[in-house]
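Undergrad: Can you keep this structure in mind? I'll have questions shortly.
The values are calculated or read from the model by the stated rules, or taken from the named source; none is laboratory data. What you are looking at is a predicted structure, and each value in this text was computed from that prediction instead of being measured. Neighbour counts run over all protein chains shown; Cβ positions are idealised from the backbone, glycine included. Heavy atoms of the whole protein, side chains included, go into the accessibility calculation; ligands, DNA and RNA do not. Shrake-Rupley method; radii C 1.70, N 1.55, O 1.52, S 1.80 Å.
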Amino acid sequence: MIRVAVAGAAGKMGATVCDAVTGAGDMELIGRADPALGTTLAEVLPNVDVVVDFTRPDTALANALECVAAGVHVVIGTTGFDLEPLRGASGANVFVAPNFAIGAVLMMRFAAEAAQHMAKAEIVELHHDRKLDKPSGTAARTAELMAQASGSPPPPIHSVRLPGLVAHQEVILGDLGQTLTIRHDSIDRAGFMPGVLLAVRKVGSLTESPVVGLEHLL
Ligand SMILES: NC(=O)c1ccc[n+]([C@@H]2O[C@H](COP(=O)([O-])OP(=O)(O)OC[C@H]3O[C@@H](n4cnc5c(N)ncnc54)[C@H](O)[C@@H]3O)[C@@H](O)[C@H]2O)c1
């Protein structure tokens, strides 16, 4: 059994992760850390193999460093913070994914391929209005992958924040007399859970750390 604790357990993603871990036959939910629940990360770290972090951009890095220092692997879904300080952290493994939905990973792959063949592109990312970071981690990662693949500068990103949305992205590519639109929609947070559980199962056996992107586990 993999012993798991969730940081941000009272949040929208964290609560969904708690349910998914509880429902997984090979995992045990040991702790729920969240200021809203009156429980700190330090309280749940003993006797845990993996922490899953869906918190806030201003706390995810400190949480991850705390986990690694305690020898606990960490799976990070929080977006909008600098990953650089994680590169020197040793003691346990770190896995980060800006998007745990398989459809979003495919969207990024297809966009990178299309960017090699079409003249220009722009990205429109649309999220619920309580999202703290802008642009989204998924859009930033898509732009990075497209730039790497095409050798061109990263495409511009447009951010829309409205109630009613969950997480959506369109990559629009344009060329002479034609456009191509690649679109992904997350309509339920349950869609992220197979990717999160996969990362929990694999983070302990990574041969390097940090690893960024669900595509590396598929
Ligand atoms: N990678 C992905 O696939 C993916 C998908 C959706 C959302 N996200 C990201 O996940 C993060 C969380 O999103 P959300 O919608 O669940 O937010 P949310 O605001 O609903 O939840 C965040 C929770 O973190 C808690 N928290 C704050 N500081 C904490 C700390 N130091 N330790 C533990 N918990 C703490 C808050 O009290 C809150 O309950 C955001 O960065 C969002 O962009 C990533």
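Undergrad: Nothing charged except the Cβ atoms of Lys and Arg (+1) and of Asp and Glu (-1): what's the magnitude of the dipole of region 166-217 about its Cα centre? Round to the nearest 20 debye. Mind showing how you got there, number by number?
TA: Values: 4 positive and 6 negative charges, 54 e Å.
That gives region 166-217 a dipole magnitude of about 260 debye.
Undergrad: Right, another one. Calculate how steeply helix 193-202 sits against the longest principal axis of the alpha-carbon atoms of the chain, using the helix alpha-carbon long axis, and give the answer as 0 to 90 degrees to the nearest 10.
TA: Rounded to the nearest ten degrees, it is 60.
Undergrad: Which Cα, out of GLY91, GLN169, SER136, lies furthest along the positive dipole direction of the chain (beta carbon charges, K/R +1, D/E -1)?
TA: Checked the options; the winner is GLN169.
Undergrad: Out of the total accessible area of the chain (probe 1.4 Å, heavy atoms of protein only), what percent is carbon and sulfur?
TA: 54 percent
Undergrad: Something else now. In Å², and per residue, what accessible area does region 12-131 have when probed at 1.4 Å with the other protein chains present?
TA: Accessible area per residue, region 12-131: 44 Å².
Undergrad: Let me ask another. With a cut-off of at most 11 other beta carbons within 10 Å, and DSSP calling the residue loop, which trypsin sites (Lys or Arg not before Pro) in region 99-192 qualify? Please list them.
TA: ARG130
Undergrad: Pull up the cross-link candidates among the lysines for LYS120, meaning alpha carbon to alpha carbon under 24 Å and not fewer than 8 places away within one chain.
TA: Leaving aside lysines fewer than 8 places away in the same chain, those within reach of LYS120 are LYS134.
Undergrad: Given the -39500 (n - 2.57) contribution per DSSP H run of 4+ residues, what per-residue ellipticity at 222 nm results for the chain, rounded to the nearest 500 deg cm²/dmol?
TA: -9000 deg cm²/dmol
Undergrad: Rounding to the nearest 20 debye, state how big the charge dipole of the chain is about its Cα centre with +1 on each Lys and Arg Cβ and -1 on each Asp and Glu Cβ.
TA: 160 debye
Undergrad: What does the charge dipole of region 1-97 about its Cα centre add up to, to the nearest 20 debye, if the Cβ of each Lys and Arg holds +1 and the Cβ of each Asp and Glu holds -1?
TA: Working: 5 positive and 11 negative charges, 13 e Å.
Charge dipole of region 1-97: 60 debye, to the nearest 20.
Undergrad: Which of VAL200, SER186, LEU218 sits farthest toward the positive end of the charge dipole of the chain, with +1 on the Cβ of Lys and Arg and -1 on the Cβ of Asp and Glu?
TA: Comparing the listed Cα positions along the dipole, SER186 ranks first.
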